[in-house]
Structures are given as structure tokens and as C-alpha cells.
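Asks: Structure in C-alpha cells, see below.
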There are 2 protein chains.
Amino acid sequence: MAPMQTSPFRTSDQRKADREEKREAVLRAAVRLFNERGFHAASLEDVAASLGISKPTIYHYLGNKDQVLFECVTRGVDQLRDAADAAKALPGTGLDRLRSFLRCYSEIIMDDFGRCVIRTADEALTHESSARFRALKREIDDAMRELLEAGIADGSIAPLDVRLTSFTLAGALNWPARWHRADGKSRPEDVAAKMVDILTGGLAPR
Amino acid sequence: MAPMQTSPFRTSDQRKADREEKREAVLRAAVRLFNERGFHAASLEDVAASLGISKPTIYHYLGNKDQVLFECVTRGVDQLRDAADAAKALPGTGLDRLRSFLRCYSEIIMDDFGRCVIRTADEALTHESSARFRALKREIDDAMRELLEAGIADGSIAPLDVRLTSFTLAGALNWPARWHRADGKSRPEDVAAKMVDILTGGLAPR
DNA sequence: TCAATAATTTACCCGTCAGCATATTGCTTG
DNA sequence: CAAGCAATATGCTGACGGGTAAATTATTGA
């Protein structure tokens, strides 16, 4: 049962929650610094300093630098996968579902963990992590291709080269990871919506 | 006057040409390794080893690592600027000129120096070089916007948000710097042509 | 109250790499 | 042929960052 009043003595699951919260804070601080300065330029000491703790504490919660980065990109890819699953379950034409996915995709890429997925070069990770990372990204690409193929099948999308179209769309939507600033004036939803309109509609006047 | 037969003794401008050739070889080796392993992972010693020379020779021809990288990206940006100038001088509608530029742009990005422009994060360079690099990239973006505006003015392109459209197109065409392999089966010209068709035409069936 | 365990720090080791100071070779020119 | 300069190599160093062991402090549970 819950204590009547807040006590300075934590129960065992409060302690577990505390630990999780700290772990989360470390991860958040890490991904912010990785994105801001680049993985190599951001030392674990910098990350620790940004939280007012010391380097070994990071090792305590997350392990070595490779594991920290891998967890960051995994978070990002998970968000993208969720978006793909949600889009697949939507009603409407294949094009409708694809557009919905692309908008979510783009917004995730402008967020901390999504940005990290794009800004992280494979070479930054160890051989094993890099292979797992590529596999995860491959899943997202497969989902994008599935959505494209569904649209082509129901006639809402032209019969394009699926592989290349997928790369083209992803490339365009990934780019904000490099130029978009969270503190800027353009809101992620607006950017996402406009980009998707440009990509699906083309440049020609109607 | 030119020597009657090839002699082991070089004239002074032969020597100058030799030097230029070596400088060029070093730069080429550097950009290849930077692209393959990433700037940080590629040490100057690796670059030297790939040519069978020693590290100080690189300093002799190109200066410190920052200068080497800056020269690589400058080469790439120069190619892009030339392509923009050439496209502007072409006949046809604004859309025609833009499409021509986009195809060239894309092919350059699949080449050594162009790839390096995209794969090089600003943080890799010193403060000064980074600022100059951003200025150079800004020129290319301006050229892209000019071409877009010309197309909008003559009615061959819909009245879109120029800034965002420019980013969208560039993002899509930059992405092959990350996935395209020079030794693969898809030829850069084909990839470029198809991507430009997708981008200008959109996804809808006609 | 005391032992056990978790959280966190301090201090250190080790490898790597950019950059340089110094040799050495060999071509070129007066 | 001598003097000098260009090209290249060897070897050093100083900084920095990842990673860890051991010491310290807080927290729980018996």
C-alpha cells in the first residue's frame, strides 16, 4: 500500500523507478550532446559534466560509449517502426497510408533519437553494433517499400522503382536531421507536412 | 625546346607537373579513405600507407589534416558550382534547367569529392574552416533556389516554398552519398535520372 | 546497530593520433 | 664539383579520450 505522506525513505520499486529515471536522463543528455557536437567530439566526460556527475556513473547506468550510442539509435529506430506499424493499420488508399507514415517519419527525424539515427555513421559503432544497426535500418526501409507496393497495387501510386523511390523519399526526409534546429521558428509538423506534399505532388503546376 | 628523347632529367616545369600530380594523388587517396572509413577513423598515417609513403609527406604537399579535408570539400563544392553555372546558361524552361542541374548534382554526389562534401559534418573542421565550408554550401543552396524561382516565374514550376523545396530536393539527392557504392551495379547516371523523375513528377499515377 | 549492497567518485592506465624536429637522400644549378 | 634546395623518412611528444580498479559514501535490511 502507498505511504500516507511522502517519506524520505523509498520503497524498493520507488528505487527501481528512480534508477530508471536516472538512466533515462543520462541517455537523453548523451543523445543531445552527440547530436550537437557529433559522436566523436562529444566525450563521455562532457556528457557526465552536462548532468553534474562523473564519467564512471555513465558506465554504471549504460555501459561503454558504443552501448550508449547503440541504445540511442535503437530508441530512434523503434519510434520509426511504431510509426510504420501504425500507418499500415490505417484506412484509406495506399498513398494515404504512405503519406501518413512519411509525416510521422519526418517528425521523428527532427526529434532527439531520430536525429541520432541519421547522424550516426555506421563507422562510429563497433563491428557488431554496426551490423545490428544496419539490420534495424533495413527493417524501416522494408516497411517503406511495403507501403509503396501497397499503393502501387491499389493504383494510388504510379508503378515506380520501389527501391529507388524509397531511398529518395527517405533521403529527403532525413535531411532535416542536419539542418533543422529545434529552437528555430519552423515547427516540425509544418515542415513535415510541406515536405510530404512536395514529394508526393512533384514540382509541376497542377 | 623539348628534348629529343625521354631523359631521366626533368625540366623545371616537368618537375612542377610532377609535384602537382603527386599532390593530386595524395588528395585522391585522402578523400577515398575519408569516405570509406569516415574522417576520424582515417588517420593520416593510413592515407600515407595507402600510397606507400610516410605521414610527413602529406604535410609537405597539403598541410595539416584540417587543410586536407577542407581542400577535399572545396573540390566537391566547386564541381557543384560549375554544374549550377552550366545549368543556368541552358535554354528551355526553368524546370528544364533545374532538372539538368539536379541530374548533374546527383552524379557529383556519387563521386569522390561530392560524397565528401555530404559526409563531412561541420564539426570535423576547425571553427574557421567550418565557417568557410558553410558559406560554400550556402552558395550552392542559393543557386538551387535561383533555379527554382526562375521556374516559378516562367510558370514551369508550381509556386512552392522555395527554401523548403530546395532542402527537400537536396536531401533526396544527397542521400546516395551514404548508400550508393561505386562498385555496385547501378550506374550513377541512371540513378540520377530516375531520382530526378521521381522528385519532379511526384508519386501519383498520371 | 551492524553488515551488506548499491551509487558515485577519484585517480590512474593505455592506446592512438596529430603534429613536429631532425636526419637523409638526391636532384639541380652556378 | 660544390652548394643548396626539394622531397621524403624516422622517430618523438604531448594531448586527449576511453575504460577500469579501488576507495568512498549513502542506503537498505536484518
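Asks: For the stretch B:26-101 and the stretch A:70-101, what is the separation of their Cα centres, given in Å?
Replies: Value for the Cα centre distance between the two parts: 36 Å.
Asks: So, one more: How far is B:Arg138 from the same spot in each other copy, in nm, shortest first, if each label point sits 7 Å from Cα toward Cβ?
Replies: Result, one decimal in nm: 4.2.
Asks: R0 = 25 Å: FRET efficiency of B:Ser54 with B:Ala182, Cβ-based, nearest 0.05? Don't skip to the end; give the middle numbers.
Replies: Numbers: r = 28 Å, r/R0 = 1.11.
The computed FRET efficiency comes out at 0.35.
Asks: State the extension gain, in nm to one decimal, for the chain segment bounded by A:Ala193 and A:Arg206, taking 0.36 nm per residue of separation less the distance between their alpha-carbons. Mind showing how you got there, number by number?
Replies: Numbers: separation 13, 0.36 × 13 = 4.68 nm, distance 1.85 nm.
Full extension of this stretch gives 2.8 nm more.
Asks: List, in order, the whole-Hz ³J(HN,Hα) value for each residue of the stretch A:57-64 obtained from phi through the Karplus relation with A = 6.51, B = -1.76, C = 1.60 and θ = phi - 60°; use x for Gly and Pro.
Replies: Karplus-based 3J(HN,Hα) across the stretch A:57-64 equals 4, 5, 4, 4, 8, 10, x, 6 Hz.
Asks: Follow-up. Please report the relative contact order for chain B, taking Cα pairs under 8 Å with a sequence separation of at least 6, and give it as a percent rounded to a whole number. Walk me through the numbers before you get to the answer.
Replies: Working: 191 pairs, mean separation 44.1, N = 206.
Worked out over chain B, it gives 21 percent.
Asks: Using the beta-carbon distance between A:Lys22 and B:Glu128 and R0 = 35 Å, what value does 1/(1 + (r/R0)^6) give for FRET efficiency, to the nearest 0.05?
Replies: 0.35
Asks: Quick one: order B:Val162, B:Val191 by neighbouring beta-carbon count within 10 Å, fewest to most.
Replies: Details: B:Val162 17, B:Val191 23.
Ordered from fewest to most neighbouring Cβ atoms within 10 Å, B:Val162, B:Val191 come out as B:Val162, B:Val191.
Asks: Which shape class applies to the stretch A:75-206: rounded if a/c is under 1.5, otherwise prolate when a/b exceeds b/c and oblate if not, where a ≥ b ≥ c are the square roots of the Cα gyration tensor eigenvalues?
Replies: Numbers: a/c = 1.84, a/b = 1.27, b/c = 1.45.
Since a/c reaches 1.5 but b/c is at least a/b, the shape of the stretch A:75-206 is classed as oblate.
Asks: Counting only other residues whose beta carbon sits under 13 Å from that of B:Thr165, what net charge do I get with K and R as +1, D and E as -1?
Replies: Numbers: positive: A:Lys194, B:Arg145, B:Arg163; negative: A:Asp197, B:Asp141, B:Glu146, B:Glu149, B:Asp161.
Here the count lands on -2.
Asks: Sticking with this one: Sort the stretch A:126-182 into rounded, prolate or oblate with this rule: let a ≥ b ≥ c be the square roots of the eigenvalues of the Cα gyration tensor; rounded if a/c is under 1.5, and if a/c is not under 1.5, prolate when a/b is larger than b/c, oblate otherwise. Spell out each step's value before the answer.
Replies: Working: a/c = 3.08, a/b = 1.45, b/c = 2.12.
Oblate, because a/c is 1.5 or more while a/b does not exceed b/c.
Asks: Helix-only estimate, please: 222 nm mean residue ellipticity of chain A, summing -39500 (n - 2.57) across DSSP H runs of length 4 or more and dividing by its residues, to the nearest 500.
Replies: -23500 deg cm²/dmol
Asks: Another one. Percent relative contact order of the stretch A:15-63, based on C-alpha pairs within less than 8 angstrom and at least six residues apart? The partial results should precede the final answer.
Replies: Working: 28 pairs, mean separation 16.9, N = 49.
Once divided by the residue count of the stretch A:15-63, the mean separation gives 34 percent.
Asks: Among B:Ser43, B:Ser156, rank each residue by its count of other Cβ atoms within 10 Å, from fewest to most, as a rough exposure measure.
Replies: Working: B:Ser43 13, B:Ser156 19.
By the 10 Å Cβ count, ascending: B:Ser43, B:Ser156.
Asks: Apply the a/c threshold of 1.5 to the C-alpha gyration tensor of the protein assembly as shown and tell me whether it is rounded, prolate or oblate.
Replies: Values: a/c = 2.21, a/b = 1.20, b/c = 1.84.
Here the protein assembly as shown falls in the oblate category.
Asks: Sticking with this one: What list of ³J(HN,Hα) couplings, whole Hz, do you get for the stretch A:130-144 from phi and the Karplus terms 6.51, -1.76, 1.60, once you set θ to phi - 60° and write x for glycine and proline?
Replies: 4, 5, 5, 4, 4, 4, 5, 4, 4, 4, 5, 4, 4, 4, 4
Asks: Only counting other Cβ atoms within 10 Å, I'd like B:Tyr105, B:Tyr61 sorted with the fewest neighbours first.
Replies: Details: B:Tyr105 24, B:Tyr61 17.
Ascending Cβ contact count within 10 Å gives the list B:Tyr61, B:Tyr105.
Asks: Same structure again: From the phi of every residue in the stretch A:173-181, what ³J(HN,Hα) in whole Hz does the Karplus formula 6.51 cos²θ - 1.76 cosθ + 1.60 yield, where θ is phi - 60° and glycine or proline is x?
Replies: These are the phi-based 3J(HN,Hα) values: 7, 6, 4, x, 4, 9, 10, 6, 9 Hz.
Asks: Identify, among A:Ala143, A:Leu69, B:Met110, the residue whose Cα sits farthest towards the positive end of the charge dipole of the protein assembly as shown, taking +1 on the Cβ of Lys and Arg and -1 on the Cβ of Asp and Glu, with the dipole about the Cα centre.
Replies: Value computed over the given set: A:Leu69.
Asks: Less than 19 Å apart at the alpha-carbon level, and either on another chain or at least 8 residues along: which aspartates and glutamates does that give for A:Lys185?
Replies: A:Glu36, A:Glu107, A:Asp111, A:Asp112, B:Asp161
Taken together, the values in this text are just the output of simple stated rules run on the coordinates, not laboratory data. Owing to the predicted nature of the structure, the values given are computational and were not obtained by experimental measurement. Methodologically, a virtual Cβ is constructed for each residue, glycine included, from the backbone with ideal geometry; neighbour enumeration extends over all protein chains shown.
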